[in-house]
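*Asks:* For reference, the structure I am asking about is given below.
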Amino acid sequence: MSDLDLVIAGGTVVTAADSYAADIGIKDGRIAQIGTGLEGAERIDAAGLLVLPGGIDAHVHLDQPTADGTVMADGFASGTRSAAAGGNTTVLPFVLQIKGQSLRTCVEDYRRKAEGNCHTDVAFHLIVSDPTPQVLGQELPALVRDGYTSFKVFMTYDDLVLNDAQLLDVFEVARRERALVMVHAEGHDAIKHLTRRLEAGGHTAPYYHAEAHAQIAEREATHRAISHAQLIDVPIVIVHVSGREPMEQVQWARARGLKVFAETCPQYITLTAEDLQGLNMDFEGAKYVCSPPPRDADSQAAIWQGLRDGTFDIFSSDHCPFRFEGEASKDNPRARTSFKWVPNGIPGVETRLPILFSEGVGKGRISLQRFVALTSTNPARLYGLYPQKGSIAIGADADLTLWDPQMTRQISQTELNHGCDYTPYEGMEITGWPVRTILRGQTIAMAGNPTGVELGRELSRDVSDVYADSV
Ligand code: URP
Ligand code: ZN
Ligand code: ZN
C-alpha cells in the first residue's frame, strides 16, 4: 500500500518544458512521485484537465498606504483569496518604505499585516523610497541576507521618485548583495511638464492621464535605467512594460548582452488608452487609470510579439486595487478636479491567468509551455523561489492548478473575489479557467471560490538565478 497522501490522477501535466500524461503523488505537501497508476489516501480525478504549476504573481500591491489617503481595496486576506481563486499559489506583494521610515520597521509592519491572513504563500519585495546612508549601508544588506532579495525603485511619483544619483546608489548595493532591482521606468519631469500643459489647456478628465504618461517618457526612463545598470554592471527588471518603444529598449540592452529582464501585464494586451475616455470623456475612464497607461493596438501587437519571442520573462498582474465608488476611492472630489489625483492602479490578480491563457494559448499566440514559463516558472527563477516553486518535480512544493482548457465564461465583477467594486475586464469572453488550486497539497480554491483555509506562509528567498547565469 502506497503512503501517498493525495494523488492527482489522469491529468495532462504541463511544465515550461513539456506536456505529458501522468499522475502526481503528494506526500507531506510535496511532490513525491510522478508516474502512472499511483494510489494514495485521497484521489482527485483530473481527467480532461491540465495540471499546471501553481501561478506565481510576482507583482501585486496589498494593503499599501497612499500619499493622499485613498485606501487599497485589498488587504492580505481578500487579495490572496482572489489570487487563489484565479489559480495562483504564491504572490509577491511589496513592502512600501514611506520616506523617513526605517525599511526594517516597514517589513515588520507588513509581516504583521500578512500573518495568519494569507490564502496563498507570499514573498515580499521591498520598495526603496528613501535611500539614506543607514538604509543603503545597513538595512538593505541585512534584509537581503534575511531573504528579501528584490527591491523596487521608482523614477516617477512625487513621494517615491529617486534621482539618478540615488538610483545608482541602490544599484551598487544590489550588485554587492546580489539582489535584483525592479525599476518603474517613467520620466518624472516629462510627466510633470505634460501634466501642467494639459491642465493649463483645461484637459483634466481621466483620459489625459494617458497623454501625460507618454510612451516617450517611458522609453526615455527605460533607456536611462538600462544605462545606469550597465555602468554599475547589475541585472535589473523593467516592470510593467506597456508598449513597443520601452520594449525596444529592453531588446537594445539584450542585444548588447546586458542582463535586463522584463515584465508585462494583462492591461497592455487587452486595454488601450481609449478605455480611459470612459463613455464620453467622463469619469468612468478613471477605472482604467494605471501607470504606465495602456497604449494602442500597435503596442498590443508588439507586446504579443515580445511575449512570444522571449523579450518578456514574466507576466504579472500589477494588481493595485482601488474601489471606483465610495469613500477613499478613485471617484473622490480631488480626482474630479484633475486626472493627476486619480489613484493609479487597477485590479487583476484573479484574471491574469485566464486572460493570458484565453488570449494567448487559446488564440494560438503563445504555446502552453510559454504560458507556464511566463506565469510560474520564470517568476520563481527570477525571484529566488525555484525549484521549491514554479515547477512540477519530485521534492517541489505540491502547488498545482487544475485547469479546464475548454470552460467558457465571461469575466464578471459579480463572480470575482477581490475587494474592488469593478473589473476593467468586465464582459471579456474567456475560454480556459482554473477549476482547483492546490497549495502544498491542500485545496485553497474550487471553481473560482476560495475554500477559506488560511494556509499561506511567508517565503524566504534565495538570490535570483540571474546571478548564477542560468536564466
Ligand atoms: O498604476 C499602477 N501600476 N500602480 C501601482 C504602482 C506601480 O507603479 O506599480
Ligand atoms: Zn510601478
Ligand atoms: Zn505595481
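The values are calculated or read from the model by the stated rules, or taken from the named source; none is laboratory data. Remember, predicted model here, so these are calculated numbers, not experimental data. With ideal geometry, Cβ positions are generated from the backbone for all residues, glycine too; neighbour counts draw on all protein chains shown.
*Asks:* Please list, ordered by first then second residue, the pairs with beta carbon atoms under 9 Å, 6 or more apart or interchain, first in region 310-335 and in a helix (DSSP H, G or I), second surrounded by 20 or more Cβ atoms within 10 Å (Cβ to Cβ) and among the acidic types (D, E).
*Replies:* none
*Asks:* Would you check which residues across region 320-342 are in contact with a helix residue (DSSP H, G or I) (Cβ under 7 Å, 6 or more places away or on another chain), within 12 Å of ligand 1 (Cβ to nearest atom) and closer than 23 Å to A83 by Cα and list them?
*Replies:* Correct list: K330 only.
*Asks:* Restrict the check to region 294-306 and report whether at least one residue is within 16 Å of ligand 2 (Cβ to nearest atom) and of a type outside the set (F, W, Y).
*Replies:* Keep residues of region 294-306 that are within 16 Å of ligand 2 (Cβ to nearest atom), which gives 294-295.
Filter again for of a type outside the set (F, W, Y), leaving 294-295.
Looking for residues that are within 16 Å of ligand 2 (Cβ to nearest atom) and of a type outside the set (F, W, Y), one finds at least one in region 294-306, hence yes.
*Asks:* While we're here: Mind counting the residues in region 233-254 that are more than 15 Å from ligand 3 (Cβ to nearest atom) and out of contact with any helix residue (DSSP H, G or I) (no Cβ under 6 Å at 6 or more places or on another chain)?
*Replies:* The total comes to 6.
*Asks:* Filter region 65-79 for residues that are touching a residue at least 60 places away in the same chain (Cβ under 8 Å), within 20 Å of D331 (Cα to Cα) and within 16 Å of ligand 3 (Cβ to nearest atom) and give the result.
*Replies:* Answer for region 65-79, where residues must be touching a residue at least 60 places away in the same chain (Cβ under 8 Å), within 20 Å of D331 (Cα to Cα) and within 16 Å of ligand 3 (Cβ to nearest atom): T66, A67, T70, M72, A73, D74.
*Asks:* Could you please let me know if A190 is small (G, A, S), surrounded by 16 or more Cβ atoms within 10 Å (Cβ to Cβ) and in contact with a Gly (Cβ under 6 Å, 6 or more places away or on another chain)? Spell out how you get there, then give the answer.
*Replies:* On the way: small (G, A, S): yes; surrounded by 16 or more Cβ atoms within 10 Å (Cβ to Cβ): yes; in contact with a Gly (Cβ under 6 Å, 6 or more places away or on another chain): no.
Against the criterion (small (G, A, S), surrounded by 16 or more Cβ atoms within 10 Å (Cβ to Cβ) and in contact with a Gly (Cβ under 6 Å, 6 or more places away or on another chain)), A190 does not qualify.
*Asks:* I would also like to ask the following. If R224 satisfies all but one of (1) buried (at least 22 other Cβ atoms within 10 Å of the Cβ); (2) within 16 Å of ligand 2 (Cβ to nearest atom), what's the number of the condition it fails?
*Replies:* Only one criterion is unmet by R224, namely (1).
*Asks:* If we keep just the residues of region 141-173 that are touching a Pro at 6+ places or on another chain (Cβ under 8 Å) and more than 14 Å from ligand 2 (Cβ to nearest atom), which is farthest from D465 (Cα to Cα)? Reasoning before the result, please.
*Replies:* Within region 141-173, the subset touching a Pro at 6+ places or on another chain (Cβ under 8 Å) is 162, 166, 169-170, 173.
When the remaining residues are screened for being more than 14 Å from ligand 2 (Cβ to nearest atom), the result is 166, 169-170, 173.
On the way: Q166: 26, D169: 23, V170: 20, V173: 18 Å.
Ranking the candidates gives Q166 first.
Residues checked against (1) in contact with a helix residue (DSSP H, G or I) (Cβ under 7 Å, 6 or more places away or on another chain); (2) outside the structural domain of S291 (by TED's automatic domain parsing):
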{"position": "G11", "(1), (2)": "no, yes"}
{"position": "T36", "(1), (2)": "no, yes"}
{"position": "H59", "(1), (2)": "no, no"}
{"position": "D63", "(1), (2)": "yes, no"}
{"position": "A83", "(1), (2)": "no, no"}
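*Asks:* Taking the residues in region 255-300 that are among the β-branched types (V, I, T) and closer than 19 Å to C420 by Cβ as candidates, determine which candidate is farthest from ligand 3 (Cβ to nearest atom). Before the answer, list the steps.
*Replies:* We begin by selecting, within region 255-300, every residue among the β-branched types (V, I, T); these are 260, 264, 269-270, 272, 289.
Now restrict to residues that are closer than 19 Å to C420 by Cβ: 270, 289.
Values: T270: 17, V289: 13 Å.
Only one residue tops the list, namely T270.
*Asks:* Given the criterion within 16 Å of ligand 3 (Cβ to nearest atom), closer than 30 Å to V51 by Cα and among the aliphatic types (A, V, I, L, M), identify the matching residue among I366, I346, I303.
*Replies:* Details: I366 fails: within 16 Å of ligand 3 (Cβ to nearest atom); I303 fails: within 16 Å of ligand 3 (Cβ to nearest atom).
On inspection, the qualifying residue turns out to be I346.
*Asks:* Here are some residues: T270, T195, T222, T204. Which one is farther than 24 Å from N332 by Cα, in the same structural domain as K363 (by TED's automatic domain parsing), touching a residue at least 40 places away in the same chain (Cβ under 8 Å) and hydroxyl-bearing (S, T, Y)? Working first, answer last.
*Replies:* Working: T195 fails: farther than 24 Å from N332 by Cα; T222 fails: touching a residue at least 40 places away in the same chain (Cβ under 8 Å); T204 fails: farther than 24 Å from N332 by Cα.
Exactly one of T270, T195, T222, T204 is farther than 24 Å from N332 by Cα, in the same structural domain as K363 (by TED's automatic domain parsing), touching a residue at least 40 places away in the same chain (Cβ under 8 Å) and hydroxyl-bearing (S, T, Y), namely T270.
*Asks:* Then there is this: Which of the residues that make up region 10-21 are surrounded by fewer than 20 Cβ atoms within 10 Å (Cβ to Cβ) and either basic (K, R) or within 22 Å of G48 (Cβ to Cβ) (or both)? It would help to see each step written out before you state the result.
*Replies:* Narrowing region 10-21 to residues surrounded by fewer than 20 Cβ atoms within 10 Å (Cβ to Cβ): 10, 12, 17-21.
The answer is G10, T12, D18, S19, Y20, A21.
*Asks:* Checking A328 against (1) at pLDDT below 95; (2) over 25 Å from H213 (Cα atoms); (3) small (G, A, S), which test does it fail?
*Replies:* So A328 meets the others, but not (2).
*Asks:* Can you confirm whether region 196-203 contains a residue that is within 16 Å of ligand 2 (Cβ to nearest atom) and more than 30 Å from R457 (Cβ to Cβ)?
*Replies:* Initial filter on region 196-203 (within 16 Å of ligand 2 (Cβ to nearest atom)): none.
So far as region 196-203 goes, no, none of its residues is within 16 Å of ligand 2 (Cβ to nearest atom) and more than 30 Å from R457 (Cβ to Cβ).
*Asks:* Still on this structure, please answer the following. Would you confirm whether or not region 366-389 contains a residue that is part of a loop (DSSP other than H, G, I, E, B) and either within 16 Å of ligand 2 (Cβ to nearest atom) or aromatic (F, W, Y) (or both)?
*Replies:* So the first thing to find is which residues in region 366-389 are part of a loop (DSSP other than H, G, I, E, B), and the list is 366-367, 383-389.
Retained after the next criterion (residues that are either within 16 Å of ligand 2 (Cβ to nearest atom) or aromatic (F, W, Y) (or both)): 383, 386.
Looking through region 366-389, at least one residue is part of a loop (DSSP other than H, G, I, E, B) and either within 16 Å of ligand 2 (Cβ to nearest atom) or aromatic (F, W, Y) (or both).
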